[in-house]
Structures are given as structure tokens and as C-alpha cells.
Amino acid sequence: MIELDHVTRRYGETAVIDDLSLRIEGGELFVLVGPSGSGKSTLLRTINRLISIDDGAIRIDGRDVREVPVASLRRGIGYAIQSVGLFPHRTVAENIATVPRLLGWPAARIRARVDELIAMLQLDGENVLDRYPHALSGGQQQRVGVARALAAEPAIMLMDEPFGALDPLTRDALQSSIQAIHAQTGTTIVFVTHDMDEALRLGERIGLMESGRLLQVGTPLELLRDPACERVRAFVGGEN
Ligand code: ADP
Ligand code: MG
């Protein structure tokens, strides 16, 4: 479903993404993991065209993303990052409803969808709908950010270290939420992290990146049992 075909992205002389090819299947929960600076965020952002590529092609369901009008491309792709960027002067409900409103969904459908997302992200019972972002905990803000990104039922969800700043317990809870949402909705999720433990716990398949290339792509078990090289062994073994 998402196909990266010999993709290169340069900054000056440096290829930050270096002739990288990868296929992510529809409905997959795929984790891109690698050290800071390895090119994970850059790669993720080429998929929704926040960053352009210099060589190669990216196709979604067989269609080159450069042929899709960027607004409609991004409507089909949720994007959640660490600094959530909730609108401070809008309530939680209004924040979550942002994209469905833009799409002109009827009010009743929007309300039902907001309720559904609040339940999915275990924000029900916390009375958050009419609150403003500043009155939420970090974990709640992160959940609202994920809910907003999921609101218009995107086929693809890109997540860039969304839980990086959270305490371990909150993070564990959110990882479970992501797995539950994935199981319920079948959304294709590409999840970026520098944390190998998180990758091994969350990923159906993992792509291990270093210096703009993929060292190995495989299931957690494959990476653990059959590392492609010493670098992979070191990462999986927690030596990095
Ligand atoms: P990661 O998300 O894995 O930490 P990034 O994709 O953010 O890595 O960055 C990969 C490399 O590209 C880094 O060396 C970074 O310094 C460089 N880079 C990222 N954005 C830019 C930019 N706008 N201009 C120049 N270099 C950049
Ligand atoms: Mg990054």
C-alpha cells in the first residue's frame, strides 16, 4: 500500500535518505526505529509530502503521491507528533472536530465521531470535552492529538515519536491504545521511535534505520533471532 522506491532526499551534499526502498502493507503497524539523526522523521514526512524527494518515487495504493493534490493526500493521512500543537483557544471537542468540520460532515456525525474517539483513547469519564488544552495533563493532550489525527478516519496514520516526552506509565498506556485502535480500525500505521524497546513491543514489522538507509526490515522476532549484521545485533541488544 505504501511503496518507497529508491527514495533519496539530500540536504546539500548529504543524502539524508539514501536510495531507500520499502513496502508497507495496508493495515500494517510498521515501526521505523533508529538513532537520532538517522533520517526517520525526514522519511516519514516524505510520505505526506511535508518534505519533497530528490530521486525515486513514493506510491500509495499504486499512485505516485506527487500526482495527488496535496490537500486531498493529507486528508487521507493522519499525522501525530510529539509537540501536539492543539489549538489553544479551542476546546478538546473542537480540536478533535477540526478536520471533519473542514470536510463538511453533518454536526450529528461529528458529535458521534468525537464521542467514539474519546472512548477509543480512554478519555471518557475524564470530562475533557469542554476543556481547553492548557487544562489537560501531558498524557491527555497527547491522546487528544492522536484523536484529532484520527478524526476523519484516515487510511494511513503517521506518528513521529508521539509519546517521547511522557512518563513510562502514560507511555505504556498510550502504546496499548495505539495497538487497540490498530486492531479495531485496521488503519495502516507508520510509527517512528528511537527507542528499540518501544519498537519491539509495538511493531508488527520493524525497519531499523541508520544514516538514511535500512539496515534490516523484519518482525521483532526476526530482528532478535536473525540480525542482518553486527549493527542490528548491537541495536537490538541495547548497546546503542
Ligand atoms: P531523525 O528523525 O531520525 O532523528 P531526521 O530525519 O530529523 O532524523 O534528520 C536526519 C538528518 O537530516 C540529520 O542529520 C539532520 O541534521 C538532517 N536534516 C534534517 N532536516 C534538515 C534541514 N532542513 N536542513 C538540513 N539538514 C537537515
Ligand atoms: Mg525525528
> What's the FRET efficiency of THR8 with ASP226 using the Cβ-Cβ distance as r and R₀ = 30 Å, to the nearest 0.05?
Replying inline: 0.60
>> Of LEU136, GLN122, PRO154, which is farthest towards the positive pole of the range 115-156's charge dipole, taken about the Cα centre with +1 and -1 on the beta-carbons of Lys, Arg and Asp, Glu respectively?
In response: LEU136
> How far is it, in nm, from the label point at ASP167 to the one at ARG233 when both lie 7 Å from their Cα along the line to the Cβ?
Replying inline: 3.9 nm
> Sequence-distant or interchain residues sharing an amide H contact under 5 Å with ARG205, placed H: which?
Replying inline: LEU29, VAL31
> Once both axes come from the Cα atoms, what is the angle between helix 168-185 and the longest principal axis of the chain, in degrees from 0 to 90, rounded to 10?
Replying inline: 90 degrees
>> With +1 on the Cβ of every Lys and Arg and -1 on the Cβ of every Asp and Glu, and nothing else charged, how large is the dipole of the range 46-181 about its Cα centre, in debye rounded to the nearest 20?
In response: 440 debye
> If exposed GluC sites (Glu not before Pro) are those in a DSSP loop with at most 12 other Cβ within 10 Å, what is the longest stretch of the chain that has none?
Replying inline: 26-238
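Could you grab the relative contact order for the range 58-137? Cα pairs under 8 Å, six or more apart, rounded to a whole percent. Don't skip to the end; give the middle numbers.
Numbers: 36 pairs, mean separation 28.6, N = 80.
RCO, the range 58-137: 36 percent.
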> Dividing the Cα convex hull volume of the range 66-161 by residue count, how many Å³ per residue is that?
Replying inline: 103 Å³
> Quick one: if the Förster radius is 35 Å, what FRET efficiency do ARG66 and GLU116 give, using the C-beta to C-beta distance and rounding to 0.05?
Replying inline: 0.55
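Rule-based calculations on the coordinates, nothing more; no lab input. For clarity, every value in this text was computed on a predicted model and none was experimentally measured. Don't worry about glycine lacking a Cβ; one is built from the backbone with ideal geometry, like all the others, and counts go over all protein chains shown.
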